[in-house]
Amino acid sequence: MKHRISAPKRRAALVAGGAVAGVLLSATAAVAYWSVAGTGSGAAQSASMIAPTVSAGNASGTALYPGLTANGTSQGGNLVVSVTNSNPFPVTVTLTQSGQPTECTTPAISLLTTPALTVSVGASATTSKTFTNVVSMGNSSNDCQGKNLTVPLTTSSQSN
């Protein structure tokens, strides 16, 4: 014997099923509504670079004399510098000559190259470097015998 569901019960079942489906669709739409994407901005502050400190070291090697022409290989005097970096990042320091030594008259000193060195991070990060065979002394130099010459330098630095 077959059971037939009466029309009013069938209608009630369809209405109940429709209500359940409507609730589920509404919940899905609410989740989609609260999951939207957007744009905006944030804020950060960059540090300021502190100029590294450059000082002269004690040069050894080829002594300068009038007419010595640095060639970067076997002739020329040595330039010795120490650089301290107080930045929280490594820096590369490029050195250029900014005048003549004052320890003698008419020293006529010149640098063959524009030396550069990289200094690591931190307040105690000091790098010493000897640039070999890069200092020339012109023929017009006088009164410079046996003196330690301090070459004035200008620096430019950039972060690494």
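We did not get these values from a lab; they are worked out from the coordinates using the rules stated. Predicted, not measured: the structure shown is a model, and the values here were computed from it.
Shown here are the Rg and Dmax of the Cα trace of the range 54-159, at 14.4, 45 Å. Residue by residue, the range 136-142 carries 3J(HN,Hα) couplings of 10, 10, x, 5, 7, 5, 8 Hz when phi is fed to the Karplus relation 6.51 cos²θ - 1.76 cosθ + 1.60 (θ = phi - 60°); x denotes Gly or Pro. Measuring nothing but how far apart in sequence close Cα pairs (under 8 Å, 6+ apart) lie, relative to its length, the range 54-159 scores a relative contact order of 39 percent.
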